[in-house]
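Engineer: Sharing a structure with you now.
The values are calculated or read from the model by the stated rules, or taken from the named source; none is laboratory data. Keep in mind the model is a prediction, meaning the values are calculated, not measured. Backbone-built Cβ (ideal geometry, glycine too); neighbour counts: all protein chains shown. These accessible areas exclude ligands, DNA and RNA; they are computed on the full protein's heavy atoms, side chains included. Shrake-Rupley method; radii C 1.70, N 1.55, O 1.52, S 1.80 Å.
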Amino acid sequence: MVDGERLPGAPDRPERIVLHVDMDCFYASCERRREPELRGEPVVVGMGYEPGETVGAVATASYEAREYGVESAQAIGAALENLPRKADEPDNPDAGFYRPVDLDFYQDVGSDVKEILYELGDTVREVSIDEAYLDVTDRTAWDVAEGFARHVKQRIAREVGVPASVGVAPDMSTAKLASDHDKPDGLVVVEPGEVREFLAPIDVADVHGVGPVRARELRELGIETAGDLASADPYELTEEFGERGRDLYRRARGEDNRPVEPRGKPKSLSRESAFDGATDDFERVREQVATLAAAVADRATRKDAFYRTIGVKVVTPPYDVHTRAESLPGPVDDPELVDAVTQDLLGEFADESVRKVGVRVSNLDFSEREQASLDGFESDDAAASTTHGGRDRSERDPDGQVSLDEFD
Ligand code: TTP
Ligand code: MG
């Protein structure tokens with residue numbers, strides 16, 4: 001889709017209520033969830049980093065660590081110069097905690113957050129592990145939008161234990177700027193009549209779609225803020241930057257008509273389910289995995305997805321995420337194989353106590369049956385599309401199982 005362009009049939013309703021959710025210093029917040037002693041402390045999460053080493057780069061830093069000049073993408077060595085490690089200097093009050101990236105865990109926390117978002121939004125567009133847009137037009141109204149947004153934040157905080165910043169606006173681009181405006185723990189509502197005023201002072205480099213190069217070019221034209229951009233001559237902008245110039249002009253004026261659309265094809269299909277506390281009853285675990293395997297295989301069939309990888313996830317106390325997967329020689333659609341492989345992979349955990357289990361098929365291939373489905377084979381999903389804006393939303397079964405797709 002061309003950003004900012006009005007698509008045929010796309011809703012042009014300025015009263016749309018769009019919410020943008022972006023988790024605060026997400027990886028660091030996840031670390032704090034399982035290690036509450038880190039709350040309020042400077043925390044740095046490093047990729048390619050091992051405890052005690054000085055290699056790697058900063059994935060994120062808590063806001064306390066940012067005050068010492070630590071920022072994303074910085075080399076760990078440089079970060080350590082600004083903020084020494086508590087482990088090295090236990091008595092230094094200006095030292096911080098360094099942790100290596102544990103993506104499986106963060107993905108798990110991210111899925112728990114998204115699960116809530118799918119429940120609260122009419123449509124949800126996942127952008128990344130810690131960020132999503134929700135269209136909540138039919139769930140709330142402008143005069144109570146702030147309360148609704150607060151409810152979203154509180155549910156995430158209470159049920160998942162990580163902080164989020166939320167922006168509310170009549171369009172996606174403004175909602176994103178709004179969520180960023182008061183980070184961390186931000187909540188900014190920009191009502192339809194206030195969009196131009198809100199955008200006016202924002203640095204032109206922060207307008208969605210403006211990279212460092214374009215920002216420099218715009219500044220050369222004397223355009224420093226979104227307000228300058230909004231009052232520039234649109235013809236001149238088009239001449240200078242092509243259609244893109246026109247898009248930026250529209251965005252700076254809050255004229256971003258992109259609907260909150262779910263993303264294209266999922267990368268994997270998964271289902272998971274938690275036990276109350278943890279269970280030592282492995283038979284129960286086996287049964288749960290069999291149920292999940294059947295559900296995942298069924299969804300793959302309904303979505304015309306062939307899979308090449310079948311995997312399980314087992315979470316053991318306190319919150320250790322184990323994933324095991326088996327890759328097949330070619331794409332299949334074979335529920336019995338999903339059952340057999342998942343039970344086999346599960347065997348290794350027979351003596352463990354288990355909090356949560358999941359089943360996932362990945363390496364999806366939609367190509368072969370896509371033609372076959374032209375005859376309307378997929379009636380179930382067609383119905384889902386009409387109701388949910390083209391996407392299978394998170395589904396909550398009566399037994400409390402929840403499933404989420406992963407998107408590119
Ligand atoms: P962001 O949302 O950009 O950053 P953040 O959540 O850490 O902080 P903020 O409060 O400003 O939103 O990215 C989400 C996660 O993605 C972040 O926690 C770590 C990861 N990430 C990287 O691994 N490398 C990077 O360069 C960036 C920017 C993020
Ligand atoms: Mg974030």
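Engineer: If we keep just the residues of segment 73-105 that are part of a loop (DSSP other than H, G, I, E, B), among the aliphatic types (A, V, I, L, M) and within 11 Å of ligand 1 (Cβ to nearest atom), which is nearest to residue 34 (Cα to Cα)?
Structural biologist: We begin by selecting, within segment 73-105, every residue part of a loop (DSSP other than H, G, I, E, B); these are 73-74, 83-84, 86-95, 101-102.
Restricting the remaining residues to those that are among the aliphatic types (A, V, I, L, M) gives 73, 83, 87, 95, 101.
Narrowing the set further to residues that are within 11 Å of ligand 1 (Cβ to nearest atom) leaves 73, 101.
Working: 73: 24, 101: 13 Å.
Here the residue is 101.
Engineer: Residue 228: more than 15 Å from ligand 2 (Cβ to nearest atom), free of Cβ contacts under 8 Å to residues at least 40 places away in the same chain and farther than 28 Å from residue 122 by Cβ, yes or no?
Structural biologist: Details: more than 15 Å from ligand 2 (Cβ to nearest atom): yes; free of Cβ contacts under 8 Å to residues at least 40 places away in the same chain: yes; farther than 28 Å from residue 122 by Cβ: yes.
Taking the combined requirement at face value, the residue satisfies it.
Engineer: Then there is this: Just a yes or no: is a residue in segment 247-257 farther than 13 Å from residue 173 by Cβ, part of a helix (DSSP H, G or I) and out of contact with any Asp or Glu (no Cβ under 6 Å at 6 or more places or on another chain)?
Structural biologist: no
Engineer: Name the strands (runs of 3 or more DSSP E) wholly inside segment 1-72 in which the number of residues that are over 30 Å from residue 172 (Cβ atoms) and at pLDDT 95 or above is 3 or more.
Structural biologist: Numbers: elements: 18-23, 43-47, 57-61.
Those strands (runs of 3 or more DSSP E) span 43-47.
Engineer: Residues of segment 113-136 being in a loop (DSSP other than H, G, I, E, B) and within 17 Å of residue 176 (Cβ to Cβ), which ones?
Structural biologist: Within segment 113-136, the first condition is being in a loop (DSSP other than H, G, I, E, B), and the residues that meet it are 121-122, 129-130, 136.
Once the filter is applied, which keeps residues that are in a loop (DSSP other than H, G, I, E, B) and within 17 Å of residue 176 (Cβ to Cβ), segment 113-136 yields 121, 129, 130, 136.
Engineer: Name every residue in segment 282-301 that is touching a helix residue (DSSP H, G or I) at 6+ places or on another chain (Cβ under 6 Å) and within 14 Å of residue 268 (Cα to Cα), in order of residue number.
Structural biologist: The answer is 293, 297.
Engineer: With respect to the numbered conditions (1) open to solvent by 30 Å² or more (accessible area, probe 1.4 Å); (2) farther than 14 Å from residue 30 by Cβ, which one is the sole condition not fulfilled by residue 169?
Structural biologist: Condition not satisfied by residue 169: (1).
Engineer: Still on this structure, please answer the following. Take residue 174 and decide whether it is buried (at least 19 other Cβ atoms within 10 Å of the Cβ) and either assigned to a helix (DSSP H, G or I) or without any contact (Cβ under 8 Å) to a residue 12 or more places away in the chain (or both).
Structural biologist: Details: buried (at least 19 other Cβ atoms within 10 Å of the Cβ): yes; either assigned to a helix (DSSP H, G or I) or without any contact (Cβ under 8 Å) to a residue 12 or more places away in the chain (or both): yes.
Yes.
Engineer: Checking residue 67 against (1) within 16 Å of ligand 2 (Cβ to nearest atom); (2) open to solvent by 30 Å² or more (accessible area, probe 1.4 Å); (3) on the phi < 0 side of the Ramachandran plot: exactly one of these is not met. Which one?
Structural biologist: (1)
Engineer: In addition: Tally up the residues in segment 29-50 that are out of contact with any strand residue (DSSP E or B) (no Cβ under 7 Å at 6 or more places or on another chain), more than 15 Å from residue 95 (Cα to Cα) and open to solvent by 60 Å² or more (accessible area, probe 1.4 Å), please.
Structural biologist: Total meeting the criteria: 2.
Engineer: For segment 137-165, enumerate the residues that are more than 25 Å from residue 261 (Cβ to Cβ), assigned to a helix (DSSP H, G or I) and either within 16 Å of ligand 2 (Cβ to nearest atom) or touching a Lys or Arg at 6+ places or on another chain (Cβ under 6 Å) (or both).
Structural biologist: Within segment 137-165, just 157 meets the criteria.
Engineer: Would you say residue 207 is away from ligand 1 (no atom under 16 Å from the Cβ), modelled with pLDDT under 95 and open to solvent by less than 50 Å² (accessible area, probe 1.4 Å)?
Structural biologist: Details: away from ligand 1 (no atom under 16 Å from the Cβ): yes; modelled with pLDDT under 95: yes; open to solvent by less than 50 Å² (accessible area, probe 1.4 Å): yes.
Taking the combined requirement at face value, the residue satisfies it.
Quick grid of which residues meet (1) out of contact with any Ser or Thr (no Cβ under 8 Å at 6 or more places or on another chain); (2) under 30 Å from residue 269 (Cβ atoms):
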| residue | (1), (2) |
| --- | --- |
| 56 | yes, no |
| 59 | no, yes |
| 85 | yes, no |
| 94 | yes, no |
| 111 | yes, yes |
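Engineer: Can I ask one more? Given the structure, is residue 248 open to solvent by less than 30 Å² (accessible area, probe 1.4 Å), touching a Phe, Trp or Tyr at 6+ places or on another chain (Cβ under 8 Å) and closer than 28 Å to residue 61 by Cα?
Structural biologist: Working: open to solvent by less than 30 Å² (accessible area, probe 1.4 Å): yes; touching a Phe, Trp or Tyr at 6+ places or on another chain (Cβ under 8 Å): yes; closer than 28 Å to residue 61 by Cα: no.
So residue 248 fails the test.
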